[in-house]
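Below is one structure, written out as structure tokens, with a few remarks after it.
The values are calculated or read from the model by the stated rules, or taken from the named source; none is laboratory data. Just so we're clear, the structure is a prediction, and the values are computed from it rather than from any experiment. For neighbour counting, all protein chains shown are included, and Cβ atoms are generated from backbone atoms with ideal geometry for every residue, glycine included. Areas reflect the complete protein model, heavy atoms only, side chains present, ligands, DNA and RNA absent. Shrake-Rupley method; radii C 1.70, N 1.55, O 1.52, S 1.80 Å.
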Amino acid sequence: MADEFDAIVVGAGLAGSTAALRLARGGANVLLLERGPEPGVKNLSGGVLWGQDLAALLPEWWKEMPLERHIVRKRFGFLSADRALSTVFEEPAWDRPPYVAHSVLRARTDAWLARKAEEAGATLVTGVPVERLAWEDARVRGVVQSGETMSAPVTLLCDGANSRVSLATPIRPEARLSADATELGIKEVYSLPAAEIEERFQLAPGQGHAEEWVYGGGPPGVMAGGFLYTNQDTLSLGLIVQIGSLFGTGAHSHDLLERFKLHPAIAPRLEGATLVEYGAKLISSGWASRPATFHGPGWMVCGDAAGFVFSNGLVIQGMNYAIRSGLLAAETALECRTGGRYDARALSAYDRRLESMGVLADFREFEGLDRVKWNPRFYSVYPRLATQLFHQRLVADGGPKPNLLALLARLRRSEGLPIRAILSDGLDAAQEL
Ligand SMILES: Cc1cc2nc3c(=O)[nH]c(=O)nc-3n(C[C@H](O)[C@H](O)[C@H](O)COP(=O)(O)OP(=O)(O)OC[C@H]3O[C@@H](n4cnc5c(N)ncnc54)[C@H](O)[C@@H]3O)c2cc1C
């Protein structure tokens, strides 16, 4: 039986729509399936898009795409229960076209990109939750929904972190995602007039501010990072929590977010703003959440479904890798179409592309980051120590300033922190930096 399509793409997020756009432009008959009623409706990001990868397909993407503000300043640091210690990065080039990063709202960006794929000739069908992959002789021959098979020689899995169709298959032999390699993103959007945002964050019209925090204000053991981004006339704010770290603490992610919003470094920025949207979504935890392989007979896996999210508590980047991997998978599928072969060997060109375009190299490079990222001391003890150290050395309270070494020793003892733990954590952090 002849295949109905040259390729099927599951999920019209950034990975899927990029792939579908490239495939359609390359002359392929591509079906793009999205479970949501509209592309983007089911999506959620902080989110700052580092969108340069789009230039390969849309050279002036930043002029056309519905973006919020171009980021001119990035602040990152530690929050203890009531103190903040941060640093700010600014660079003049961030304020000049084509800019380096933009705040985005995914309902708008994803719908726009999916339309681009449609305009290029892709068939977009929404409201279709793909139930499973159609396997035949250990290869994927398409997808199944409501008992009906849609067939293609290659299927691109772009269905995000919670890629159910790949669980308990050769792609992901495990039956469920690991709580230690999956994060939960919770986000709220607050409406605030553009002029007020600009005054509050000292921005000119169009400019945006991004901040990310290692959040040490939660219960002991809970590992979370917070973010706050300015949009045109809204603020995006939220937390990313390692799911496994919540177990046994009695903590709820919602309470944690409420606490974060009340932090003295955050609350004044929300004053007078009105909650207009909230949501939660799973996030892949980088290398630790990758599938068994990125390709196999008749399939490739891209974006969050492949674990391509870089996050370290201070920064989160997944949209850029989703776009790049979607593009590389599409180019591989086009090459296979020309060669007429979609076996594992032909599709291994995808891995080579991921390698040469730095995706795999980036994730391998930061593999050891998990030792720092999943070390609870970086979320509790160190934010407390760092903010106390600054407080005691900076504040002029009429008495002598404490000796630095004596102060460090006292703080260390008060936290019950062994010297060898500090040395080994310091070494891990230095290596990863
Ligand atoms: C709170 C939060 C903040 C974040 N902040 C940032 C940030 O600031 N910068 C950044 O770069 N990244 C950020 N990320 C990560 C970023 O959102 C992801 O890396 C990115 O969305 C991955 O894109 P994707 O296309 O692979 O997957 P997704 O965006 O998840 O898209 C997957 C699509 O597949 C669809 N789908 C799923 N299953 C099926 C099915 N069975 N059938 C049909 N369709 C299906 C979904 O509805 C969805 O549209 C953040 C994530 C969260 C949750």
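I need the peptides 413-421, 299-307 ranked by packing, meaning the mean over residues of other C-beta atoms within 10 angstrom, with the highest value on top. It would help to have the intermediate numbers written out before the result.
Numbers: 413-421: 11.4, 299-307: 30.3.
Going from most to least packed, we get 299-307, 413-421.
Could you rank His254, His295, His102 by how accessible they are, 1.4 Å probe, largest area first? Provide the component values of the computation, followed by the final result.
On the way: His254 105, His295 30, His102 10 Å².
From most exposed to least exposed: His254, His295, His102.
Amide H neighbours of Arg141 under 5 Å, counting only residues 5+ apart in sequence or on other chains, H built in-plane at 1.01 Å?
For Arg141, whose amide H was placed from the backbone, the distant partners under 5 Å are Ala134, Trp135, Glu136.
Along segment 335-349, what does the Karplus equation 6.51 cos²θ - 1.76 cosθ + 1.60 (θ = phi - 60°) give for ³J(HN,Hα), rounded to whole Hz, x for Gly and Pro?
These are the phi-based 3J(HN,Hα) values: 5, 5, 4, 5, x, x, 10, 10, 6, 4, 5, 5, 7, 5, 4 Hz.
Report, in deg cm²/dmol and to the nearest 500, the calculated mean residue ellipticity at 222 nm for the chain, where each DSSP H run with n ≥ 4 adds -39500 (n - 2.57) and the sum is divided by the residue count.
On the way: 14 runs with 140 residues, N = 433.
Only helices count here, giving -9500 deg cm²/dmol.
How about Lys261: which lysines have a C-alpha closer than 26 Å to its C-alpha, ignoring those fewer than 8 places off in the same chain?
Result set, ordered by chain and number: Lys42, Lys74, Lys187, Lys281, Lys373.
What are the residues whose amide H is under 5 Å from the amide H of Arg75, where those residues sit 5 or more places off or on another chain and H is modelled from the backbone?
Phe89, Ala210, Glu211, Glu212
Whose amide H sits under 5 Å from the amide H of Met223, counting only residues 5 or more places off or on another chain, with H placed in the peptide plane?
Gln242, Ser245
Among Ile316, Ile197, what's the order by accessible area (1.4 angstrom probe), most exposed first? Please list the in-between numbers first.
Details: Ile316 40, Ile197 0 Å².
Ranked list, largest accessible area first: Ile316, Ile197.
From largest to smallest, what semi-axes in whole angstrom does the chain give when each is the square root of 5 times an eigenvalue of its alpha carbon gyration tensor?
On the way: eigenvalues 338, 120, 69 Å².
Largest first, the chain gives 41, 25, 19 Å.
Between helix 253-262 and the chain, what is the angle of the helix's C-alpha long axis to the longest principal axis, kept within 0 to 90° and rounded to the nearest 10?
Once rounded, the angle reads 50 degrees.
When you count, for each residue, the other Cβ atoms within 10 Å and take the mean per peptide, how do 146-159, 260-273 rank with the highest first?
Numbers: 146-159: 21.8, 260-273: 15.8.
Taking the mean over residues of other Cβ atoms within 10 Å, the ranking is 146-159, 260-273.
Dividing the convex hull volume of the Cα atoms of segment 183-284 by its residue count, what figure in Å³ per residue is obtained?
Values: hull volume 9.6 nm³, N = 102.
Hull volume normalised by residue count: 94 Å³.
Can you compute 3J(HN,Hα) from phi for each residue in segment 87-101, using the Karplus curve 6.51 cos²θ - 1.76 cosθ + 1.60 with θ = phi - 60°, rounded to whole Hz and x for Gly and Pro?
Residue by residue, segment 87-101 yields 9, 10, 10, 9, 8, x, 4, 5, 9, 10, x, x, 6, 10, 8 Hz.
Arrange the peptides 9-17, 123-131 so that the one whose residues have, on average, the most other Cβ atoms within 10 Å appears first.
On the way: 9-17: 33.1, 123-131: 16.1.
Highest-to-lowest ranking by the protection proxy: 9-17, 123-131.
Please work out the C-alpha center-to-center distance from segment 379-433 to segment 250-290 and express it in whole Å.
27 Å
If each of Ala93 and Ala138 carries a label point 7 Å out from its Cα toward its Cβ, how far apart are those two points in nm?
4.8 nm
So what's the gap between the Cα centers of segment 32-83 and segment 312-354, to the nearest angstrom?
One Cα centre to the other: 20 Å.
Taking the Cα centroid of segment 1-22 and of segment 117-159, what is the distance between the two, rounded to the nearest whole Å?
With segment 1-22 and segment 117-159 each reduced to a Cα centre, they are spaced 8 Å.
With θ set to phi - 60° and the Karplus curve 6.51 cos²θ - 1.76 cosθ + 1.60, what are the ³J(HN,Hα) couplings of segment 156-164 in order, to the nearest whole Hz, using x for Gly and Pro?
Running phi through 6.51 cos²θ - 1.76 cosθ + 1.60 with θ = phi - 60° gives 9, 8, 10, 9, x, 4, 9, 7, 5 Hz.
What shape does segment 15-68 have by the C-alpha gyration tensor, where a ≥ b ≥ c are the square roots of the eigenvalues, rounded means a/c under 1.5, and otherwise prolate means a/b greater than b/c and oblate the rest? Could the numbers behind the result be given before it?
Values: a/c = 2.36, a/b = 1.09, b/c = 2.15.
Judged from the Cα gyration tensor, segment 15-68 comes out oblate (a/c at least 1.5, b/c at or above a/b).
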